[in-house]
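Structure, as structure tokens:
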Amino acid sequence: MSRSAIKLHTPAGRKALDKMIQEGERKAHELAATMPARPGAKAAVVAKTAPAGSGEIRIIGGQWRRTRLAVAQKPGLRPTPDRVRETLFNWLGQDLTNWKVLDAFAGTGALGLEAASRGAASVIMNEQDAALVQQLQRLQQKLDARMLKVQRGDALSCLKTVTAQDLVLLDPPFDLLEVFEPALKAAMGAVADGGYIYLEAPEAWSEERLAEMGLELHRYLKAGAVHAHLLRKQ
């Protein structure tokens, strides 16, 4: 039906016109998707498909409360969400004065920096990626965080060389499922008796499975794709 044949004063005519307009818009979008973008349009597409994440972390509690810190955006890099971090440190009682903490897969540093802000006496931040290690060192200098020790290395090797930690933070990349169990076993030797292990994983670990490893499930939270477990040595 041609547009000139549509009787706009009738409901049927208006409905037909709306359908034609929608069809024209759909075809225009399909055509645009197959054509090379102009420089300005290309920038817009890049911005839309940029890596997920805000490019910053916000410290929730302690001496650096509300401080926002710029962090890198890299594929697979997944800072622990604010809600999960807040819940974790509520579980731990907020005040970590004199605690010894190991953040074995430090990444952006969100977990380790939160622990340091809440009074931890020492926080080892271990990361394998060289660029992320440099970023952590810059954040350490910016905050004048003398309790932090930033180091580059394999997480499992680090866990096997550290002992008597009050809290061990485990947040491996979610696509490395084979790392989770070895990391938990190594963390058992790194944590002090009565200390805590925090595990962030893409799936829930059952109490039975954890008990076989000598761990007690103290607290658990699911937030989106994140399964947060606070564990204690039995």
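The values are calculated or read from the model by the stated rules, or taken from the named source; none is laboratory data. Being a predicted model, the structure only gives us computed values, none of them experimental. In this analysis, Cβ positions are derived from the backbone assuming ideal geometry, glycine residues included, and neighbour counts consider all displayed protein chains. The protein model used for the area step is the full one, side chains on, heavy atoms only, and it has no ligands, DNA or RNA in it. Shrake-Rupley method; radii C 1.70, N 1.55, O 1.52, S 1.80 Å.
Under 12 Å from a label point set 7 Å out along the Cα-to-Cβ vector of K142, the amide N atoms of region 76-113 belong to 109-110. As a fraction of the 1.4 Å probe accessible area of region 83-234, surface on carbon and sulfur atoms comes out at 46 percent. Over the C-alpha trace of region 83-226, radius of gyration and Dmax come out as 14.3, 44 angstrom.
Within the shell of other residues whose beta carbon sits under 12 angstrom from the beta carbon of L136, the net charge comes to +1, with Lys and Arg scored +1 and Asp and Glu -1. Relative to its Kirkwood radius, the Cα radius of gyration of region 174-221 gives an Rg/Rh of 0.92. Taking 0.36 nm per residue of sequence separation and removing the Cα-Cα distance, the L221/N90 pair yields an extension gain of 45.9 nm. When peptides 73-85, 165-177, 101-113 are sorted by average Cβ neighbour count within 10 Å, with the highest value leading, the order is 101-113, 165-177, 73-85. Were the residues from E203 through L77 laid out at 0.36 nm apart, the gain over their Cα-Cα distance would be 43.6 nm. Evaluate E = 1/(1 + (r/R0)^6) for A192 and A130, where r is the Cβ-Cβ distance and R0 equals 30 Å; express this FRET efficiency to the nearest 0.05. That pair, A192 with A130, gives E of 0.45. Per-peptide packing, taken as the mean over residues of other Cβ atoms within 10 Å, places 179-190, 114-125, 138-149, 214-225 in the sequence 114-125, 179-190, 138-149, 214-225 from highest down.
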